[in-house]
Amino acid sequence: MEWFDMEVLVELLVPLGVCVALPCIIVWLTLRKKTNDTNQRTQIILAAIEKQSDIDVEDFFKKMQPKETSLKIRMLNKLLWGCICTLIGVGLSVMSFYLMCQDDDFIVLLIPSLICLAIGVGFLINYFVGKKMLSKEFEEEAQ
């Protein structure tokens, strides 16, 4: 018997890589992008101040900010993602139950399907409750 079993090593490193390393890399890349955006804005503002000393910095900041999406578009995005996640969750659940009925071991597929289903239902609840609570804001935005 070997003292070094490759299957045991793979069974240990793959979950660690997916559960630890991947989220750390995603957070690092997101923070790096935000820092890079801030540094670029700072460079632009410093160059503008050097060329034009009478520039209004607050007005310049407001013009450089990306436009905010409207309330209606944000709510429709929640509806869209709610529908997508719910349909994926339902589809994976049905497929998992079908494969489990055929004596295959696909209960592992049931866990991500239920997570996706819960996320989708959460988005849909958020959309319908938000739509009900923000109906006055929608009317004001339409005018």
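Per-structure values
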read-out: 2 or more residues of a type outside the set (A, V, I, L, M, F, W, C), under 30 Å from V121 (Cβ atoms) and more than 20 Å from the chain's Cα centre (by Cα): qualifying helices (runs of 4 or more DSSP H) within the stretch 1-101; value: 71-101
read-out: Flag if G17 is touching a residue at least 40 places away in the same chain (Cβ under 8 Å) and surrounded by 10 or more Cβ atoms within 10 Å (Cβ to Cβ); value: no
read-out: In the stretch 45-75, the residues that are in contact (Cβ under 8 Å) with a residue 12 or more places away in the chain and either surrounded by 12 or more Cβ atoms within 10 Å (Cβ to Cβ) or within 30 Å of A142 (Cβ to Cβ) (or both); value: I45, A48, F60, F61, M64, S70, L71, K72, M75
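Read-outs: derived from the displayed coordinates by stated rules, not from any lab. Values in this document were obtained by computation on a predicted structure and should not be read as measured data. Quick reminder, even Gly has a Cβ in these numbers, built from the backbone with ideal geometry, and neighbours come from all protein chains shown.
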